[in-house]
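What follows is calculated from the coordinates using simple rules that are stated; it is not laboratory data. Worth saying up front: this structure is predicted, and the values here are computed from it rather than measured. Note: ideal-geometry Cβ built from the backbone for every residue, glycine included; neighbour counts use all protein chains shown.
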Amino acid sequence: MGALPPPVRADWAQIAISNRPALQQIETRKAASDQQDALARVDGLPDVTIWAGYRLRTVQTDMDHGTDLVPIGMSVPIPVASARRSDGEQASATHRAASFEAQHGAELDHLASQLEAAEASWERATVLLKRTQDELVPSASRTLDAV
């Protein structure tokens, strides 16, 4: 009866990363922050409106001689503090994304430390099993035979 070799650390890490819901949650939140950043960047731009129309007049009066009208126009709103608000929202989303990136790294570090501890426990158990097989069992067997 021998000790099993410890699993390959890369295999453990891959399984642990793929089965860690906290990592997936952080990645989803970071993606949402990136989308909010892009939305804030676009939302800060003024909304330009272009319009065109045609008015057909059929009734003629003394004031209106029935001339058809073709109005064409463009409107650009005057941004009042929208650029500052947009910049603030964009900075907030950028910092939030950086925070989620740091959380992701911290979660990976925590996972790595747990795997290191598990591997160390495995190695200690292997050493104890080997010592038991090589020294303690034969010694106990010799003692039993002597008695």
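Here are the numbers for this structure:
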quantity	calculated
Positive minus negative residues near Arg96 (Lys, Arg vs Asp, Glu; Cβ under 14 Å)	-3
Inter-centroid distance (Cα atoms) of the range 44-98 relative to the range 114-147, Å	81 Å
Total formal charge among the other residues, if their Cβ is under 14 angstrom from that of Glu27, Lys/Arg +1 and Asp/Glu -1	+1
Angle between the chain longest axis and helix 9-18 axis [Cα atoms, degrees, rounded to 10]	40 degrees
Sparse-neighbourhood loop sites, chymotrypsin sites (Phe, Trp or Tyr not before Pro) in the range 12-61 - DSSP loop, at most 11 other Cβ within 10 angstrom	Tyr54
Additional length obtainable on full extension of the chain from Ser82 to Gln60, 0.36 nm per residue less Cα span	3.3 nm
Net charge of Cβ neighbours under 11 Å - reference Ala112; Lys, Arg +1; Asp, Glu -1	-3
Computed E for Gln25/Val48 - FRET, C-beta separation, R0 41 angstrom, nearest 0.05	0.60
Selected from Leu69, Leu39, Leu136 as most flexible by GNM, with the chain as the system and alpha-carbon contacts under 10 Å	Leu69
